[in-house]
Amino acid sequence: MLRRRTFASSLLAAPAVWPLRDALAQTPRDTLVMAAQLDDIISLDPHESFEFKGNETTTNIYEKLLTTLNEAPDKIVGELAESWEASPDGLTHTFRLKAGRKFASGNPITAQDAEYSLRRAVTMNKTPAFILTQFGLNGQNATEKIRATDDRTVVITIAEPVSPSFFHYCLSANVGAVVDRKVVEANKQGDDWGNGWLKTHSAGSGPYVLRTWRASETVTLEANPNYAGQVRNRRVVTRHVAEPSNQLLLLQRGDVDIARNLGPDQLRTLASDKGFKIQRAQKAANMYICMNQRHPELAKPQVREALKWAVDYEAIQRNIVSTTYDVHQSILPTGFLGAIDDKPYRFDPAKAKALLAEAGVPNGFSVTFDYSPVQPWGDIAQAVQATFGQVGVKLNLLPGEMRQVITRMRARQHEMLMLYWSPDYMDPHSNAEAFTLNPDNGDNPRAKTLAWRNSWSVPEFNERIAAAVRERDSAKRAELYRSLQRDHLRTSPFIIMLQAIETAAMRANVSGLDIGPINDRIYYADTTKT
C-alpha cells in the first residue's frame, strides 16, 4: 500500500516517470495537487517575477501594503497596512502598518521591511520595476523618497500628483511585495540585494513558503505557520504538464486534484461527469500577436493593418478555444474603466491583399513567428500561419518554451511573436501604458514596455497616456481611454485577438480555489478537499 508520506515524496520524483505511474485512488487530504503549464516561470523573486505562473505563485507567498479583493476588484483594501492617506497635493503617501504581524521566519514585520522592499524593487530595476519607477522613484533617490518614520509608518513621496487610487493600485501589484529584509540581507551576494537567492527561495509573510521550484517541472509550497490568516491545506504541489490531454488523464486517474489548462475537448469530456466540476472566471488577460518595428515590412502602417485583416478571429475562437477565450480586439479587457467592445477586424483576405499592395509588397514577404507550442498556442499559431499564407505572408514558425519566447521579446530579438498579457493592477493605465507608452526607444530606457519591446514609439500617444492618468474625473478619464483604444486598434503593431476565461477543472470533492481577474489574485489558502 502506498502511504501518504510515500505519495508526497513521489510527487517530487523524476518528472518523466511520475505521470506514467499506476493510478492512485486519491491525493493526500492535506495536499492540493495541480497540473498546469509552468514553463513561463523565470524567477520567484517578487521584485523580478513578471510572468503569469510566477506571479500566481508569489502572490501566495508574499503580502503587500495594499491589495484588492476578488469579490470587489475595484476596491483597495489593506493587506499589511491598516490605514493610508495622501497629502492634499497628492505627492506624499503615508501608510500605517498593522501591529503584531510576522514573516514566515518569525521576524516581526516592520515599516523598515516595507521601506527596504520598495527601495529594493526600484534599485534592482528588474522587469516589473516600472510599475513603481513611473512615479519618479529610482535607485538614486529611493533613500530620500521612501522612508520608515517609525516601526509602523512608511512614507512615500512621488514626483508628480496622480489620482491616489492609481498609485494605490500600483502598490497592490506583485512588485509591491514586502520581503523579510533580515533574511534577504543574510543571503545576498555582493550588491545583488539577495536576488540570486530569492529566485528559488522565499522570505515572505503570505500563506505559504516556497519549498522547491524546478524550472518546467514543479513548484511546491508549504503552509506558513506564522501566517495571520487561515491555510486549509498543508502543501500545494503544482506539476508542469504541458499537454491538456495529459492533464485530463491525471485528473481522471486521481493523480491531481485540479487541472488548470484543459481545452474545449477535454472540458466537454468532463461536462456530464458528476465526479468533476468546472470553475470559470473571466480573466483580464489578452492573447495578442506583436510585430517588431525593426522589421522593414512590419514597420509599414499598411502592412500592420493588413495583417489584422488576415486573422480569422471567429474561427480560432469557435474551433480551438470555444470555452476558454472570447474574441476581444482592444487593449483594455472587458470590465476595466473605459474598456470598449469594438471588433472592427475579421478575416478578409481581399482587404489584406489590397493593403499589402498599397504598402509595396503585393507578393507578400516572409517573417519569423515565435510562440509556445503547447496547446492552445500551437494550434492557434498554425491557424494564423494558414490564413497569413492566403494573403501571401509566409510565417516561419519558431516554437520554444514560454520563458524562451518571453526572453526573446524582452531583448527585442523577435520579428513576430504570440503571447498573452494580464494587467499588473486593476487600473486601465496598466494596459494602456504597456501597449502604448514608449518615450525612450533607445536600448536602455527606464520602462521597457511592450511598445518598447516592439520598437514602436508615438509621441502623441505618450502625451495622451500622461493626460489620462492625471485625470481625476472618472467619466472624463474613461472617455480618454476609449478614444485612445480606437486609435491604437487602427495603428499599433499589436493584433489583440482574444480575452481569456480562466478555467479550472477539479474533482468534485475540491472547493475553495479563489480565481480573480488577474494572475496575482489566484489564491490557494482556502482550497479544501472533503
Subject >> Extension reserve of the residue 140-residue 314 stretch, reckoned as 0.36 nm per residue once the Cα distance is removed >> reply: 57.7 nm
**OP:** Could you bin all the Cα-Cα distances of region 450-530 into 5 Å bins starting at 0 and give me the percent of pairs in each, rounded to whole numbers?
**Re:** 3, 10, 15, 14, 13, 13, 9, 9, 8, 5, 1, 0
Subject >> Share of alpha-carbon pairs per 5 Å distance bin for region 386-450, given as whole % >> reply: 3, 13, 18, 20, 19, 15, 8, 3, 0
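Using r as the Cβ-Cβ distance of residue 99 and residue 379, and R0 as 41 Å, what FRET efficiency do you calculate, to the nearest 0.05?
Details: r = 53 Å, r/R0 = 1.29.
The formula returns an efficiency of 0.20 here.
Once you've got the Cα coordinates, tell me which of 351/394; 75/277; 199/448; 199/277; 300/448; 308/394 are over 24 Å apart.
Those over the limit are 75/277; 199/277.
When you count, for each residue, the other Cβ atoms within 10 Å and take the mean per peptide, how do 105-113, 216-224, 362-370 rank with the highest first?
Details: 105-113: 18.8, 216-224: 20.4, 362-370: 16.0.
Result, highest mean first: 216-224, 105-113, 362-370.
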Subject >> Read-out percent of Cα pairs over 44 Å apart, derived from the coordinates shown; its label in (i) 45; (ii) 15; (iii) 18 >> reply: (ii)
Subject >> Cut-off 15 Å between beta-carbons: net charge of the residues surrounding residue 530, Lys and Arg +1, Asp and Glu -1 >> reply: +3
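Considering all alpha-carbon pairs of region 129-212, what whole percent are spaced by more than 19 angstrom? The partial results should precede the final answer.
Details: 1729 of 3486 pairs.
I get 50 percent for the Cα pairs in region 129-212 exceeding 19 Å.
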Subject >> Accessible surface, region 302-353, averaged per residue in Å² (probe 1.4 Å) >> reply: 38 Å²
**OP:** Principal axes first, then extents: for the Cα atoms of region 355-499, list largest minus smallest coordinate on each axis, whole Å, largest first.
**Re:** 46, 37, 31
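Provide, as a two-decimal number, the C-alpha radius of gyration of region 33-81 over 2.2 N^0.38 Å, N being how many residues it has.
Values: Rg = 12.6 Å, N = 49, 2.2 N^0.38 = 9.7 Å.
Here the answer is 1.31, to two decimals.
Quick check on packing: order 428-435, 389-396 by the mean number of other C-beta atoms within 10 Å, highest mean leading. Could the numbers behind the result be given before it?
Numbers: 428-435: 25.1, 389-396: 17.1.
Per-residue Cβ counts within 10 Å, averaged per peptide and sorted highest first, yield 428-435, 389-396.
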**OP:** Taking 7 Å along the Cα-to-C-beta vector as the label spot, tell me the residue 407-residue 269 distance in nanometres, rounded to one decimal.
**Re:** 3.2 nm
Subject >> Sulfur and carbon atoms: percent of accessible area, the chain [1.4 Å] >> reply: 48 percent
**OP:** List the residues of region 304-335 whose backbone N lies under 15 Å from a point placed 7 Å from the Cα of residue 357 along the Cα-to-Cβ direction.
**Re:** 306
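Stretch residue 470-residue 149 to full length: gain in nm at 0.36 nm per residue minus the Cα-Cα span?
Between residue 470 and residue 149, full extension yields an extra 112.7 nm.
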Original post:
Using 14 Å as the cut-off for backbone N distance, which residues of region 52-81 belong to the label zone defined by a point 7 Å from the Cα of residue 186 along Cα→Cβ?
Top reply: none
**OP:** Sort out for me the Cα centre separation of region 85-138 from region 399-458, rounded to whole Å.
**Re:** 25 Å
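Rank-order 447-456, 57-66 by packing density, defined as the average count of other C-beta atoms within 10 Å over each peptide's residues, highest first.
On the way: 447-456: 22.0, 57-66: 25.8.
Put in order of decreasing packing, that is 57-66, 447-456.
The values are calculated or read from the model by the stated rules, or taken from the named source; none is laboratory data. This is a predicted model, so every value here is computed, not measured. Every residue, glycine among them, receives a Cβ derived from its backbone with ideal geometry; neighbour counts consider all protein chains shown. Protein only, heavy atoms only, side chains kept; ligands, DNA and RNA dropped before computing areas. Shrake-Rupley method; radii C 1.70, N 1.55, O 1.52, S 1.80 Å.
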